[in-house]
Amino acid sequence: MAQKVRISSSSLAERVIATFVASLADPHAPLHCARCIQACIVTLTQNTYGLENLAVLCASHQDVLKTCMNFLTAPRSSEEITRLKSSMSACHCDTSDPCVREMHTADVKSDEPSFATLVNMLIVTVHNAVQPALEAGNVHEVAQNAGIAAQEGRSVPWPATPKDLLPYGPESMIALGAMIDVSPHPIHLGLLGSIMDICLETTIPPFLASPVLSGHVVGIGRIPQIAWIAMTSFPERPSAYTPLDCLADIGRLTLVCQVLLALGNKSQLVQFSNQAEEQNGQGDGVDICSDMLKLLEEVAPAIKPSTPKVRADVARCTAVFANLGARLHLFLAHPFDHKEYHPHILRGSLQRAQQEGNPHAHGL
Ligand SMILES: [Zn+2]
């Protein structure tokens, strides 16, 4: 028997789900304002039963997650996004429906409901929903998963196929980039990396074709760096951000870099690094790898207790940034500047150059 979504609201969960799905059924013309839709998602996934509900939504109410993904990845012009920002911020809703009316007074977990906050909440929702599939690593085994689910009398949980994450095909990546651009946040890189890790090669060309994504990898990557500097410069100020949060945000950046490293060829990696600098102006791919290696050396000893998982996460992040940074440093023939670049990057670049007999490495 399908599990039920439980909510702490006077409306039935099914009505909140129906309101949410109907509201975003046409991703280009939402029926309700940002506040109403935000209240639906908070009611379903963030109030008392949030975490339990997310698993139930993945198993039995996939229309909610499909609706989120369709909305986040529908191809849109920048004019359409500007129009949605303005039209969804004002309320012109028909509140004759009791559930719609209730959503206008329900808790929305933010001071200012807006298009940007709604986009952020939708991204957080799908990011959290996709993590079990990412960890299981079996979304590609579509037929096998369907067979097992049929034997057990249940449906395959969302995302059941890579297409669930890229509903409009690889171009969905470009549209998702435009949504990330609305209000960039580390968790957005987490979703981007999760999609790239599950959908593999097909995601690299649209990632590079996006006018913003390379830049956001570097730009959003700076967020934990800035938060860490603020936290350590003013230790007397209370901070909700912890060293473990910092490692989690670095891990989200690592996931994107790990996929680029595994699947990108030389010219694609060079394109990523150059575009990152052009789009964002906060350094190229080598700079962010070098800065993340330096940051990890400060953050890792501050995490107490240092569990085997923490140590494994630090080691994985370090390996990815050292490897990607070294490759990019060599490909781009950057100088062997010990003040500028982390020693792991310079050592790796030199080793690779010597293996390849590259004249770039001679005379050092
Ligand atoms: Zn409204």
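What to note about this one:
- Of the helices (runs of 4 or more DSSP H) lying entirely inside segment 266-356, the ones with 3 or more residues being at pLDDT below 95 are found at 343-355.
- Segment 78-97, residues that are more than 24 Å from residue 189 (Cα to Cα) and within 16 Å of the ligand (Cβ to nearest atom): 86, 87, 88, 89, 90, 91, 92, 93, 94, 95, 96, 97
- Yes/no for residue 122 being surrounded by 20 or more Cβ atoms within 10 Å (Cβ to Cβ) and either farther than 23 Å from residue 41 by Cβ or in the same structural domain as residue 56 (by TED's automatic domain parsing) (or both): yes
- Taking helices (runs of 4 or more DSSP H) as the structural unit, those lying wholly within segment 1-73 and holding at least 1 residues that are within 16 Å of the ligand (Cβ to nearest atom) and at pLDDT 90 or above correspond to 13-23, 34-45.
- Of the residues examined, residue 139 is one that is under 28 Å from residue 248 (Cβ atoms), away from the ligand (no atom under 15 Å from the Cβ), free of Cβ contacts under 8 Å to residues at least 60 places away in the same chain and in contact with an Asp or Glu (Cβ under 9 Å, 6 or more places away or on another chain).
For every residue, the table says whether it meets (1) touching a residue at least 60 places away in the same chain (Cβ under 8 Å); (2) surrounded by fewer than 19 Cβ atoms within 10 Å (Cβ to Cβ); (3) within 22 Å of residue 186 (Cα to Cα).
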position: 253; (1), (2), (3): yes, no, yes
position: 276; (1), (2), (3): yes, no, yes
position: 306; (1), (2), (3): no, yes, no
position: 318; (1), (2), (3): no, no, yes
position: 330; (1), (2), (3): no, no, no
position: 340; (1), (2), (3): no, yes, no
position: 343; (1), (2), (3): no, yes, no
position: 353; (1), (2), (3): no, no, no
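- Note on segment 98-114: residues that are surrounded by 14 or more Cβ atoms within 10 Å (Cβ to Cβ) and either among the polar types (S, T, N, Q) or more than 11 Å from the ligand (Cβ to nearest atom) (or both) total 7.
- Scanning segment 184-198 turns up one or more residues that are touching a residue at least 60 places away in the same chain (Cβ under 8 Å), in a helix (DSSP H, G or I), in contact with a His (Cβ under 6 Å, 6 or more places away or on another chain) and crowded, with 20+ Cβ neighbours inside 10 Å.
The values are calculated or read from the model by the stated rules, or taken from the named source; none is laboratory data. Just so we're clear, the structure is a prediction, and the values are computed from it rather than from any experiment. Counting neighbours? That spans all protein chains shown, and the Cβs are built from the backbone with ideal geometry, glycine included.
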